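The values are calculated or read from the model by the stated rules, or taken from the named source; none is laboratory data. All of these numbers come straight from a predicted model, not from anything done at the bench. Methodologically, a virtual Cβ is constructed for each residue, glycine included, from the backbone with ideal geometry; neighbour enumeration extends over all protein chains shown.
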Amino acid sequence: MEKPFKRRDLLGIRDLSAAEIVGILDTAENFREINSREIKKVPTLRGKTIINLFFENSTRTRTSFEIAVKRLSADALNISVSTSSLTKGETLIDTALNLDAMAPDCIVVRHSSAGVPHQLAKVSKAAIVNAGDGANEHPTQALLDAMTIREHKGKIKGLEVAIIGDIVHSRVARSNIHLLTKLGANVRVAGPATLVPADFQYIVDDGLVVKPRIEEAIEGADVVMILRIQRERQDAAYFPTLGEYSIHYGLTNERLDLARQDAIVLHPGPMNRGIEIASDVADSSRSLILDQVKYGVAVRMAVLYLATGGTMTSA
Ligand code: CP
């Protein structure tokens, strides 16, 4: 069954209904098989032009969008901000208007400031896809995390999900909290009190609790999601040293033993081995970190397809 995707832009999970989230995930399921073919290319977006506009470093997201564009046969333009006219004083909006004048169908944007994709969406005729804006949202990351969870747990509703680390600076945490609670999971967050304020639980109406100790968050969890310390977004010393952070908040096998026996471990990357996650946990069979990256391509294929006029399909 096909349903229209009534939005042009994908700016955040906060804006989406549960039905839209499931529709995107089901559409991604239908694209997944293309990525294991010998010839990994379909003509779905032939004639469409996608601009990747990344103002911040990225390995996974940028590569994943580029691969998704190529596998769908669209034309990709990758704008390097360091060689663009932004370095000559042009404003972000003027840059966007000039790119838009060349009639791309979609602009994928990552920026260190929250709200930049929303600003571009107001002036652009092309669809805008948020590839991460400051500490606000990273919608495609949450969608690929959900695809990984669905694949391994068969559902999201009713799961207990622990998110551990630098919650306050994390766009991944925000997008995941919106997505998981909309789909009926219970989310517990924990980390240093300076990085997980007690009133954080009110960013959603229901389904989120702040736990004072990471052991309490991990206990009985079905999914343990570990986040990196976002030092590029911190303007103060939130904990004494990385060594102490690792001792008190790092995911070790001993701490993971508190979770359910079949619990899975996720990390959005980039991962700091030996700080937020021990190497033996990251490399264990419970860790699905590379599956997350794998499913990211199918999710980005689905998002580009929907943003350029495609319809949501059932899995
Ligand atoms: N998960 C993620 O956004 O990684 P990159 O910063 O490498 O894109």
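Could you list, in sequence order, the residues of segment 61-105 that are within 16 Å of residue 303 (Cα to Cα), within 16 Å of the ligand (Cβ to nearest atom) and surrounded by fewer than 16 Cβ atoms within 10 Å (Cβ to Cβ)? 63 - this is the single residue of segment 61-105 that is within 16 Å of residue 303 (Cα to Cα), within 16 Å of the ligand (Cβ to nearest atom) and surrounded by fewer than 16 Cβ atoms within 10 Å (Cβ to Cβ).
Taking the criterion of being within 16 Å of the ligand (Cβ to nearest atom) and small (Gly, Ala, Ser), the only residue of segment 36-60 that qualifies is 58.
Report, by residue number, each residue of segment 109-123 that is out of contact with any Leu (no Cβ under 8 Å at 6 or more places or on another chain) and polar (S, T, N, Q). Across segment 109-123, the qualifying residues are 112, 113.
Of all the criteria given as (1) crowded, with 17+ Cβ neighbours inside 10 Å; (2) within 30 Å of residue 286 (Cβ to Cβ), the one not satisfied by residue 158 is (1). Candidates in segment 106-116 are the residues that are within 16 Å of the ligand (Cβ to nearest atom) and either among the small types (Gly, Ala, Ser) or touching an Asp or Glu at 6+ places or on another chain (Cβ under 7 Å) (or both); of these, the one that is nearest to residue 49 (Cα to Cα) is 110. Taking segment 38-60 as the range and being closer than 23 Å to residue 311 by Cα and surrounded by fewer than 16 Cβ atoms within 10 Å (Cβ to Cβ) as the test, the residues that pass are 40, 41, 42, 43, 46, 47.
Listed by first and then second residue, the pairs linking a residue in segment 39-52 that is of a type in the set (Gly, Ala, Ser) to a residue that is at pLDDT 95 or above, with Cβ atoms under 9 Å apart and 6 or more places separating them unless they lie on different chains, are 47/73; 47/74; 47/75; 47/105. Within segment 6-28, which residues are crowded, with 19+ Cβ neighbours inside 10 Å and either more than 16 Å from the ligand (Cβ to nearest atom) or farther than 22 Å from residue 150 by Cβ (or both)? Scanning segment 6-28 gives 9, 11, 16, 20, 21, 22, 23, 24, 25, 27, 28. Looking only at residues of segment 117-138 that are among the charged types (D, E, K, R) and away from the ligand (no atom under 16 Å from the Cβ), we find that the one that is farthest from residue 310 (Cα to Cα) is 122. Hey, could you check segment 274-315 for residues that are at pLDDT 95 or above and part of a strand (DSSP E or B) and say which is farthest from residue 228 (Cα to Cα)? Top of the filtered list is 287.
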